[in-house]
Amino acid sequence: MPYLRQSKSVCECDDVWLKALEAKWACPDCRTLYPEIRKEAVDVVLLYAPDASAVNSVFPPGIPIARRDFMELFGHYPSQYLSLGRVFTSDGKLLDEFVTFVSRRRMLVRGGPDSTVTRCSTCGRTGYLAFPPFYVLRDDWFEQPLHESIGAGQLVLSDELYSRVKRSRWKGIYVTKLRIVDEPQAGLVFPGKVWR
């Protein structure tokens, strides 16, 4: 059974950095990042250092980050399945204790009836914002110990990797056990490629 780890907070990015990133990598209408950006590590520039949360997010543009010592709990798996980038502040300081993580192959984590589906008329991609209860379709499930997720925007861990996490040590995150089901639970139809 997989576990979804989500942040309770988000990080505020530098506006100049965000505008440059979006000019190259985002749809001009929906401002969602093109999937090609996930082919390699993504560096981010923040206004200030993240809080002490183990997992966090830079939103916009929707790039997840984590504490380096948290990722080190999982041995070689983060570098095997994720591309890890750097985190800077707008004054150029490298925050070496944090990394970004992106993946070419993300897992679609679905949500309950409050989840929403939109379609961009410019880029044609489908946006999905998942709200609890979260689950994964059996057809969307692929075996690996950790994933970046689509729909909930964070990190999915296997049972074995989750067992390495001492809950009392790692603050600022929600942990949800994901069900694996055969059919969509909320009846939402995806008219195209899902991008968030």
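Any read-out appearing in this document is the output of simple, stated calculations on the displayed coordinates, not a laboratory observation. Keep in mind that what you see is a predicted model, and the values were worked out from it rather than measured. Methodologically, a virtual Cβ is constructed for each residue, glycine included, from the backbone with ideal geometry; neighbour enumeration extends over all protein chains shown.
Tabulated results
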| item | result |
| --- | --- |
| Positive-end residue, the stretch 107-181 charge dipole about Cα centroid, Cβ charges, pick of Leu146, Tyr174, Phe131 | Tyr174 |
| Cβ-placed point charges (K, R +1; D, E -1), dipole of the chain about Cα centre in debye, nearest 20 | 240 |
| Mean separation of Cα contacts under 8 Å, 6 or more apart, over the residue count of the chain: relative contact order % | 29 |
| Low-density loop positions, GluC sites (Glu not before Pro), the stretch 72-151 - DSSP coil, at most 14 other Cβ in 10 Å | Glu97, Glu143 |
| Once exposed loop chymotrypsin sites (Phe, Trp or Tyr not before Pro) are cut out (DSSP; at most 16 other Cβ, 10 Å), longest piece of the chain | 49-140 |
| Extension gain (nm, one decimal) between Arg167 and Thr118, 0.36 nm per residue minus Cα-Cα | 14.1 nm |
| Cα gyration tensor category, rounded, prolate or oblate, for the stretch 8-102 with a/c compared to 1.5 | oblate |
| Linear extension gain, Phe59 paired with Glu160, 0.36 nm per residue minus alpha-carbon span | 33.4 nm |
| Segment Asp69-Asp182, extension gain: residue separation times 0.36 nm, minus the distance between their alpha carbons | 37.1 nm |
| Cysteines in the chain that, by Cβ-Cβ distance, have no pairing candidate under 4.7 Å | Cys11, Cys13 |
| (1) 163; (2) 111; (3) 126, with the label sought being that of the calculated volume of the Cα convex hull per residue in Å³ | (2) |
